[in-house]
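**Student:** Here it is, the structure, as structure tokens.
The values are calculated or read from the model by the stated rules, or taken from the named source; none is laboratory data. Everything numeric in this text was worked out from a predicted model, so none of it was measured. We place every Cβ from the backbone using ideal geometry, glycine too, and count neighbours over all the protein chains shown. Ligands, DNA and RNA are excluded from the accessible area calculation, which covers all protein heavy atoms including side chains. Shrake-Rupley method; radii C 1.70, N 1.55, O 1.52, S 1.80 Å.
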Amino acid sequence: MLQPAEWEIIALSLKVSGVAIGTSLPLAYGLAWLLARGRFPGKLLLDALVHLPLVLPPVVTGWLLLIAFGATGPVGGWLERSLGFSLMFRWTGAALASAIMALPLMVRAMRLSIEAIDRRLEQAARTLGAGPWRCFWTVSLPLSVPGVLAAAVLGFARSLGEFGATITFVSNIPGETRTLPLAIYAALQLPGGDAMVTRLALVSVALSLAALVASEWLVRRGWGGSPRDGT
Amino acid sequence: MALEVDVTLRRGDRMIAARCTVAPAGITALFGPSGAGKTSVLDAIAGLVRPTTGQIAIDGTVLFDSARGIDLPPEQRRCGYVFQDLRLFPHRRVRDNLLYAWRRLAPSERWLSPDEAIGFLGLGGLLERLPATLSGGEAQRVAIGRALLSAPRFLALDEPLSSLDHARRDEILRVIERIRDELRLPILYVTHDPAEISRLAATVVAVGPLPGS
């Protein structure tokens, strides 16, 4: 029922979103940790910056990316000169755009799970000879894993739907940057594209629903509390 | 090894003073009414709370000295702290809880083997269980085992009987008596119950607010 070209669009979308979330996950966790635990001047500003893509018109985010990562932009120019590497009009650029758009959602979900870590358990780990790093790897991180997974799924779903920043930053190139929403938009412009729009829209609904259900399930699962918690 | 404590610490808007020498073997009880700050004193000894002034030392090793600016982090104090709320790691099985500290110890530091501890505390049947599935008495024994297997210089027990029913209390008291008699380890025991003190033949140290604060 789906045409080969449509399967390609879905595969490209999954690749863009997968790479976007996979690479931004550690950064999102670091930011979430800083916002949950850090005490430093400018925390409010960092919080606002992280959340900016959530409230900014996506086309503005895309334009800012264009300025920063364009061939003459501060980051894009440097990438081009030192690594011979450009994100412009490439699927990697689409991944960057959707990662930035998904970041606030991921940071929020992770921050909640980091704030929910029982710090008494971290204290217990320290008295048992674990330094701050071992305490993090063996207690804090495992206890926040459900939140991390939920954030990843949520971010993945958000990233699959990314439209404005992507089309502004890397345009709508078939086979390179034409992800699901962009393909639906393109098909809408074509006479007789209705059937394709319907099929791709149904795929979008199915993927988004699956992601939401998965994320909710991960959040509820959590870990069992200790038997005498809260006495 | 004797543990020597002489600290003052702030708790909310009150100052607490604690001064005691915990004998190399046998039980020293920190005794006082609820809210007197007994747990804060244990937290200070374990390095989780920073006293305002004073010294904490065990057998020549200074853990804390405000005058000399020494404040060892908790992981270097080797304090076998059994928390009142136990704090077993909920995501790790009993076996991994027990071995959490032991696995990272240098062989020369270990003075108790897991097999000994498991036999001693009767934990053989619980190793594959998650903490959430344990009864109060079982969880208490696991917490004591986890602390003992960290090769501590001393043991700090915070109201270990407080949430147990009568039968379980006796079971845990017998375990504590065996630790006292067989392991020869300084034990600091927090309680507000005079009956526990007389049963364990403990030396008593009163904890309360600093006069005039």
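**Student:** Whole number in Å², please: accessible area per residue of the protein assembly as shown, 1.4 Å probe, ligands, DNA and RNA not counted.
**Tutor:** On the way: 20400 Å² over 444 residues.
Ligands and nucleic acids excluded, the figure is 46 Å² per residue.
**Student:** Another question, if that's okay. If you roll a 1.4 Å probe over the protein assembly as shown with all protein chains in place, what percent of the accessible area is carbon or sulfur? Kindly include the intermediate steps, with their values, before the conclusion.
**Tutor:** Numbers: 12470 of 20400 Å².
Roughly 61 percent, rounded to a whole number.
**Student:** Given only helices, namely DSSP H runs of n ≥ 4 each adding -39500 (n - 2.57), what is the per-residue ellipticity at 222 nm of chain B, to the nearest 500 deg cm²/dmol? Working shown, then result.
**Tutor:** Working: 6 runs with 56 residues, N = 213.
It comes out at -7500 deg cm²/dmol, rounded to the nearest 500.
**Student:** Taking +1 at the Cβ of each Lys and Arg and -1 at the Cβ of each Asp and Glu, which of A:P191, A:L34, A:L212 sits farthest along the dipole of segment A:4-221 towards its positive end, judged by Cα position relative to the Cα centre?
**Tutor:** A:L34
**Student:** If DNA, RNA and ligands are ignored and the probe is 1.4 Å, what is the ranking of A:R119, A:R158, A:R39, B:R141 by accessible area, most exposed first?
**Tutor:** Values: A:R119 135, A:R158 70, A:R39 230, B:R141 35 Å².
I get A:R39, A:R119, A:R158, B:R141, largest accessible area first.
**Student:** So how exposed is B:S198, as accessible area in Å² (1.4 Å probe, rounded to 10)?
**Tutor:** Accessible area, nearest 10 Å²: 90 Å².
**Student:** Right, here's the next one. Could you work out how far the C-alpha centroid of segment A:180-214 sits from that of segment B:43-59, in angstrom?
**Tutor:** After rounding, the separation between the Cα centres reads 63 Å.
**Student:** Further question: At 30 Å minimum axial length over the Cα atoms and a Kyte-Doolittle cut of 1.0, report the qualifying DSSP H helices in chain A, or say none.
**Tutor:** Details: long enough: A:4-37 (48 Å, 0.98); A:91-115 (35 Å, 1.09); A:194-221 (40 Å, 1.14).
Answer set is A:91-115, A:194-221.
**Student:** Same structure again: If the only charges are +1 at each Lys and Arg Cβ and -1 at each Asp and Glu Cβ, what is the size of the charge dipole of the protein assembly as shown around the Cα centre, to the nearest 20 debye?
**Tutor:** On the way: 45 positive and 37 negative charges, 73 e Å.
That gives the protein assembly as shown a dipole magnitude of about 360 debye.
**Student:** Sticking with this one: Starting from the amide H of B:A25, placed 1.01 Å from N in the peptide plane, find each other amide H under 5 Å away whose residue is 5 or more places distant or on another chain.
**Tutor:** none
**Student:** Calculate one ³J(HN,Hα) per residue across segment B:68-76 by plugging θ = phi - 60° into the Karplus curve 6.51 cos²θ - 1.76 cosθ + 1.60, and present them in order as whole Hz with x for glycine and proline.
**Tutor:** Whole-Hz 3J(HN,Hα) from phi for segment B:68-76: 9, x, 9, 8, 5, x, x, 5, 9.
**Student:** Between A:A130, A:A183, A:A68, which gets the highest mean-square fluctuation from a Gaussian network model of chain A, Cα cutoff 10 Å?
**Tutor:** In the Gaussian network model the winner is A:A130.
**Student:** A further question on this structure: To the nearest 20 debye, what is the magnitude of the charge dipole of segment A:60-195 about its Cα centre, counting +1 on the Cβ of each Lys and Arg and -1 on the Cβ of each Asp and Glu? The partial results should precede the final answer.
**Tutor:** On the way: 10 positive and 7 negative charges, 91 e Å.
Roughly 440 debye, rounded to the nearest 20.
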